[in-house]
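Chemist: If you scroll down you'll find the structure; I have some questions about it.
What follows draws every value from the coordinates through simple rules; no lab data is involved. Small disclaimer: the values here were computed from a predicted structure and weren't measured. Positions of Cβ are generated from backbone atoms using ideal geometry, with glycine treated the same way; all protein chains shown enter the neighbour counts.
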Amino acid sequence: MCGGDGVSGIRNEMERFSGIGVSPGIVVGRVFVLDDKARRIPRRSVAPKDIDHQLVRLNEAFTLSVEELERVRDQAEQDMGREAAQIFGFHIGMLRDKVLRGSIEKVINDEVVTAEYAVDRVFGEWADRFRSMEDSAFTTKVNDITDLASRVLTHLVGSHGHELSEFEYDAIVVARELTPSQTVGFDRSKVVAIATDLGGKTSHTAIVARALGIPAVVGLSRLWGKLSDGDTVILDGSRGIVIVEPDYDTIEHYLSEEVERGNYQMTLRELASLEPVTTDGTKIEVLGNIEFAEETKQVLEYGGEGVGLFRTEFLYLAGEREPTEEEHYNAYRSCVEQLAGRPLTIRTMDLGADKYTQAQSLNPERNPALGLRSIRYCLKNLPMFKHQLRAILRASAHGPVKLMLPLVTSVSEVRQSRHIINDVMEDLQDEGHLFDRDLSIGIMVEVPSAALVASTLAREVDFFSIGTNDLVQYTLAVDRTNEQVADLFAPSHPAVLKLVRDVVRAGRHRDVPVSCCGEAAGDPDMAVLLMGLGVRTLSVTPGVAPGIKRLIRSISIDRCERLAKKAISFDSDTEVSMYVRDRLRKELPEAYDSFGQFRGDKPGR
């Protein structure tokens, strides 16, 4: 895949950055740097012909800032009196100061840089100058200068972000960090790849990138501040590599690799119609994880037997307001109709530990991952929760639907949720709506407490789905979005494997089906362990399904069980990973390429 004309002028020597590959694919293209107004602005050069454009942007940002401040001053004078409003007069005076404005313009002209860099630098210098003065009349103005800089940068960074849609070439977006809503909001016809300094393999941004089929690398640490718009890079989303200003031979090598990968993907699709049955005759159900209703078609194209996880929080993140009941219903009904009798599992909204909800809160939580999130958030926001439940129940009238509650930690949460669901059913019945009164209700098992009391929870629910992303995070105390501890995020850790084993045993004892819908289900080594521990349903990213089918058809359950029994006896995840990887590559060499990566491109039996 190649974005635009591919190569710009060589500005620096070729440099390689390593991160975490979270969405496969190779792209050779040009960079669009997404600025972050909350942090220091990196020094980025522009073409000499672009200087006039930067000066225009600067003028517009100052004009808009002055207009804003005048409105704020007038309102403050009306509410608090003229004396209290004088502070805003100081702000307006600074923005109209010719010395300040001239200093910024000089930096743009002399150093040929972006307007936002010049603003950030000059305001920073003025703040330092005021800070160093002994007179408190000056030092107390430092916060005013910082506030002014932020106001101007808001307009500059915002306007720069909007320029993405105006680019004449497809862009590899480089950012320090991206929220899921930013990723969802990208124009897919313009953005061909994503690279960020922060983030982990199972962050929501990584999940969205995989769902959209956009190659992505996260956890690059120091790439963002080193690039300028238009720089040429190679992004390898499989190996987690970004190469800046590559030479001709390197570009040709990676482009040929991408052609091979395209051929490989075409071969994988041939597996879509094959039954996922092990060599000793055990049927493994392979389902798809989706974020958007339109992905249902992709699940079916890649041979998924239904949807094992519909992450509905992206209905919230994709817009600027909470979705209505009808918007929920239309999305769910679309999935049901496309699946044509195949199962659809809808997870209720799993928000709370994210910037979307924290930004709307009057008192943002210090540690939202351990706070009011997921089912807790829903139970505290009943009108919102009931809107979604009504839509899910109404959609169940059109085909098989299961309802799944996220991040359950106790029996009381299940019972409270069931009580609310029953209330919603009564309301719908009174209103004459059709729905499936025997709708299956299950839970995500993704915290140690739920795994440890799984036998009790099994009395309350119809099914379990193990969410390895959060289960690993909470069991190992590792932030799954933090690139600094990414190497500690290990689904193969013996503690995690033992929890999975215990959940499966509890499910079997109560005849409660157990599936796995975390990212580990799509990893070949982990999939073998999950099957060996007793999991018989794997829900994965649609594009991974054919390869997992290939794996299932190449191995016996007996072998999986023996591998899992041995693996769970080890002391560390490193020992587990090395053991499983070594065994599988020896026993199934045809399924792995020369890099030791799983291929799955041969139909097998």
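Chemist: Using the count of nearby Cβ atoms within 10 Å as a rough guide to exposure, how do Asp462, Asp470 rank from fewest to most?
Modeler: Going from least to most buried by this count: Asp462, Asp470.
Chemist: Residue by residue through the range 246-253, what is 3J(HN,Hα) from phi via Karplus (6.51 cos²θ - 1.76 cosθ + 1.60, θ = phi - 60°)? Round to whole Hz and write x for glycine and proline.
Modeler: In residue order, the calculated couplings are x, 7, 4, 4, 5, 4, 4, 4 Hz.
Chemist: Modelling each spin label as a point 7 Å along the Cα-to-Cβ direction, I'd like the Glu294/Asp423 distance in nm, to one decimal.
Modeler: According to this spin-label approximation, the distance is 3.7 nm.
Chemist: Under 5 Å between amide H atoms, partner at least 5 residues away or on a different chain: which partners does Lys402 have, H built in plane at 1.01 Å?
Modeler: Amide H to amide H, under 5 Å and 5 or more residues apart or across chains, Lys402 pairs with Leu344, Thr345, Ile346.
Chemist: Sorted from fewest to most neighbouring beta carbons within 10 Å, what does the list Ile20, Ile420 look like?
Modeler: The order, fewest Cβ neighbours first, is Ile420, Ile20.
Chemist: Separate question: Which of the trypsin sites (Lys or Arg not before Pro) found in the range 438-542 are loop residues per DSSP with 14 or fewer other Cβ atoms within 10 Å of their Cβ?
Modeler: Arg459
Chemist: Among Ser417, Gln429, Ala527, which residue has its Cα positioned farthest towards the positive end of the charge dipole of the range 274-591, with +1 placed on the Cβ of Lys and Arg, -1 on the Cβ of Asp and Glu, and the dipole taken about the Cα centre?
Modeler: The residue sitting most towards the positive pole is Ala527.
Chemist: Still on this structure: Amide H neighbours of Leu287 under 5 Å, counting only residues 5+ apart in sequence or on other chains, H built in-plane at 1.01 Å?
Modeler: Those lying under 5 Å, H to H, from Leu287 are Glu305, Leu538, Ser539, Val540.
Chemist: Ser515's amide H: which non-local residues (gap 5+, or another chain) put their own amide H closer than 5 Å, with H modeled 1.01 Å from N in plane and none for Pro or chain starts?
Modeler: Phe464, Ser465, Ile466
Chemist: Let me ask something else. Anything over 30 Å Cα to Cα? Flag those among Lys402/Lys498; Lys190/Lys297; Lys226/Lys297; Lys106/Lys226; Lys402/Lys565, in the order listed.
Modeler: Lys226/Lys297; Lys402/Lys565
Chemist: Under the Karplus relation 6.51 cos²θ - 1.76 cosθ + 1.60, θ = phi - 60°, what is the ordered set of whole-Hz ³J(HN,Hα) values for the range 339-351, x standing for Gly and Pro?
Modeler: 6, 6, x, 7, x, 10, 9, 9, 8, 5, 3, 10, 10
Chemist: Taking θ as phi - 60°, what are the ³J(HN,Hα) couplings along the range 498-504 by the Karplus curve (6.51, -1.76, 1.60), each to the nearest whole Hz, with x for Gly and Pro?
Modeler: 5, 5, 4, 4, 5, 5, 4
Chemist: Before anything else, pin down the relative contact order of the range 274-591: Cα pairs under 8 Å, at least 6 apart, normalised by residue count, whole percent.
Modeler: Here the relative contact order equals 20 percent.
Chemist: Given contacts defined as C-alpha pairs under 8 Å and at least six residues apart, what's the relative contact order of the range 402-479, whole-number percent?
Modeler: Value for the range 402-479: 37 percent.
Chemist: Arrange His387, His509 by Cβ neighbour counts within 10 Å, fewest through most, would you?
Modeler: In increasing order of surrounding Cβ atoms, one gets His509, His387.
Chemist: Would you work out the charge dipole size for the range 450-552 about its Cα centre, treating the Cβ of every Lys and Arg as +1 and the Cβ of every Asp and Glu as -1, and quote it to the nearest 20 debye?
Modeler: 500 debye
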